[in-house]
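Asks: Sharing a structure with you now.
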């Protein structure tokens, strides 16, 4: 096990002149920032391909040696963005052996599992999904929803541009949104002003998920149309904490899960130290910018998000676990499943292999 740091989205081994994190951080505080250190960057993907065999891929906090082992100069500008972490580093052969053992122990019971053969190729697909401590956020124990909101969002955007949906009337756009996202509205109106179009949609009564789905679609269409096409709701709508808690309550769980399955989405509730709101939210900004999560409500130490691809988001949260762990973060996922893939820990102090 090695001492390392997580700094602004990247893992690094500690410089060789420091025996532990405490010594390193003490030295960092003594420097005039920005400070520079020679460190080896730890990557999950070294982009090494060899015909049909996937090489050079791993999942934090387990990393591979033998690809990019030379240190490079890293500039640290903010001590507060440096987090300690313990990692394992091993060569590809050792990593493959550990991964094979974990797959045979953990993967049976998953609908996607295929028994391994003696060939290295049979490990393909597991390198980027299974950690060596046996966490797989892609596990499927029940039949998955037929739709992924994130995939459909991008596909809809492609059709929007390719087939000039912007030229269609209000009813045609309403029908297309219904076709792609199952979101239904009471009526739709289209207005044009100075070359900018605004599609106004009115929600049906008692619709809880449609407003935020509409907001997600609106943000994406506004971006790809470069601000020339906007989608908005006719009524003012804002999620209140009591409404969300009622939606996620045990008595409403079955109904809510059916809704999630229909739309191919989930909701996440993230709790953390109240003073860390800005830090935690900033660590998620990339997921927001790329439409993987959408903010529903932010309160002191507790945020609610719509999640467009649960497995991918959980994987990204795990990668960011040094930050999340430091601020005592917990995440609860509510969607069509109730299985072990959501029992994810942000404690990175792994057992010695």
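The values are calculated or read from the model by the stated rules, or taken from the named source; none is laboratory data. All values reported here derive from a predicted model rather than from experimental measurement. Positions of Cβ are generated from backbone atoms using ideal geometry, with glycine treated the same way; all protein chains shown enter the neighbour counts.
Asks: Given the options 33, 14, 42, name the one that is exposed (fewer than 15 other Cβ atoms within 10 Å of the Cβ) and in contact with a strand residue (DSSP E or B) (Cβ under 8 Å, 6 or more places away or on another chain).
Replies: Working: 14 fails: exposed (fewer than 15 other Cβ atoms within 10 Å of the Cβ); 42 fails: exposed (fewer than 15 other Cβ atoms within 10 Å of the Cβ).
Just one listed residue meets the conditions, 33.
Asks: Still on this structure: All but one of (1) assigned by TED's automatic domain parsing to the domain that holds residue 192; (2) without any contact (Cβ under 8 Å) to a residue 24 or more places away in the chain; (3) surrounded by 14 or more Cβ atoms within 10 Å (Cβ to Cβ) hold for residue 226; which doesn't?
Replies: Of the numbered conditions (1) assigned by TED's automatic domain parsing to the domain that holds residue 192; (2) without any contact (Cβ under 8 Å) to a residue 24 or more places away in the chain; (3) surrounded by 14 or more Cβ atoms within 10 Å (Cβ to Cβ), the odd one out for residue 226 is (3).
Asks: Would you check if residue 206 is surrounded by fewer than 18 Cβ atoms within 10 Å (Cβ to Cβ), within 30 Å of the chain's Cα centre (by Cα), closer than 29 Å to residue 256 by Cα and outside the structural domain of residue 259 (by TED's automatic domain parsing)?
Replies: Details: surrounded by fewer than 18 Cβ atoms within 10 Å (Cβ to Cβ): yes; within 30 Å of the chain's Cα centre (by Cα): yes; closer than 29 Å to residue 256 by Cα: yes; outside the structural domain of residue 259 (by TED's automatic domain parsing): yes.
So residue 206 passes the test.
Asks: To continue, here is another question. Which members of region 148-185 meet the condition of being within 30 Å of residue 110 (Cβ to Cβ) and out of contact with any helix residue (DSSP H, G or I) (no Cβ under 7 Å at 6 or more places or on another chain)?
Replies: Hits for region 148-185 are 148, 150, 151, 154, 155.
Asks: While we're here: Which of the residues spanning region 160-170 are surrounded by 12 or more Cβ atoms within 10 Å (Cβ to Cβ), assigned to a helix (DSSP H, G or I) and free of Cβ contacts under 8 Å to residues at least 12 places away in the same chain?
Replies: Answer for region 160-170, where residues must be surrounded by 12 or more Cβ atoms within 10 Å (Cβ to Cβ), assigned to a helix (DSSP H, G or I) and free of Cβ contacts under 8 Å to residues at least 12 places away in the same chain: just 165.
Conditions (1) in the same structural domain as residue 167 (by TED's automatic domain parsing); (2) in a loop (DSSP other than H, G, I, E, B); (3) in contact (Cβ under 8 Å) with a residue 60 or more places away in the chain, marked per residue:
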site	(1), (2), (3)
259	no, no, no
282	no, no, no
291	no, yes, yes
315	no, no, yes
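Asks: Restricting to region 264-280, give me the number of residues that are touching a strand residue (DSSP E or B) at 6+ places or on another chain (Cβ under 9 Å) and part of a loop (DSSP other than H, G, I, E, B).
Replies: Our first condition is that a residue be touching a strand residue (DSSP E or B) at 6+ places or on another chain (Cβ under 9 Å); within region 264-280, this holds for 265-272, 274, 277, 280.
Then keep just the ones that are part of a loop (DSSP other than H, G, I, E, B); that gives 265, 272.
Number satisfying all stated conditions: 2.
Asks: Read through the list (1) in contact with a helix residue (DSSP H, G or I) (Cβ under 9 Å, 6 or more places away or on another chain); (2) on the phi < 0 side of the Ramachandran plot; (3) surrounded by fewer than 17 Cβ atoms within 10 Å (Cβ to Cβ), then give the number of the only condition that residue 78 fails.
Replies: So the condition that residue 78 fails would be (1).
Asks: Limited to region 1-47, what total is found for residues that are assigned to a strand (DSSP E or B), under 19 Å from residue 132 (Cβ atoms) and out of contact with any helix residue (DSSP H, G or I) (no Cβ under 9 Å at 6 or more places or on another chain)?
Replies: Just the residues of region 1-47 that are assigned to a strand (DSSP E or B), to begin with: 2-7, 10-13, 35-39, 41-42, 45-47.
Filter once more, keeping what is under 19 Å from residue 132 (Cβ atoms): 2-4, 6, 11, 13, 42, 45-46.
From what is left, the residues that are out of contact with any helix residue (DSSP H, G or I) (no Cβ under 9 Å at 6 or more places or on another chain) are 2, 13, 42, 45-46.
Number satisfying all stated conditions: 5.
Asks: Check off (1) touching a helix residue (DSSP H, G or I) at 6+ places or on another chain (Cβ under 9 Å); (2) at pLDDT 80 or above; (3) surrounded by 17 or more Cβ atoms within 10 Å (Cβ to Cβ) for residue 299 and give me the number that stays unchecked.
Replies: (3)
Asks: Hey, another quick one. Of all the residues that make up region 17-30, how many are surrounded by 12 or more Cβ atoms within 10 Å (Cβ to Cβ) and in contact (Cβ under 8 Å) with a residue 24 or more places away in the chain? Explain how you work it out, then say what you get.
Replies: Quick first cut of region 17-30, residues surrounded by 12 or more Cβ atoms within 10 Å (Cβ to Cβ) only: 18, 21, 23-25, 27-28.
Those still in the list that are in contact (Cβ under 8 Å) with a residue 24 or more places away in the chain too: 21, 25, 28.
So the count comes out to 3.
Asks: OK, next. Is region 232-245 home to any residue that is exposed (fewer than 12 other Cβ atoms within 10 Å of the Cβ), within 16 Å of residue 164 (Cα to Cα) and either in contact (Cβ under 8 Å) with a residue 24 or more places away in the chain or assigned by TED's automatic domain parsing to the domain that holds residue 167 (or both)?
Replies: For region 232-245, residues exposed (fewer than 12 other Cβ atoms within 10 Å of the Cβ), within 16 Å of residue 164 (Cα to Cα) and either in contact (Cβ under 8 Å) with a residue 24 or more places away in the chain or assigned by TED's automatic domain parsing to the domain that holds residue 167 (or both): absent.
Asks: Look through 127, 149 and report the one residue that is within 22 Å of residue 183 (Cα to Cα), under 18 Å from the mean Cα position of the chain (by Cα) and surrounded by 14 or more Cβ atoms within 10 Å (Cβ to Cβ).
Replies: Details: 127 fails: within 22 Å of residue 183 (Cα to Cα).
Matching residue, one of 127, 149: 149.
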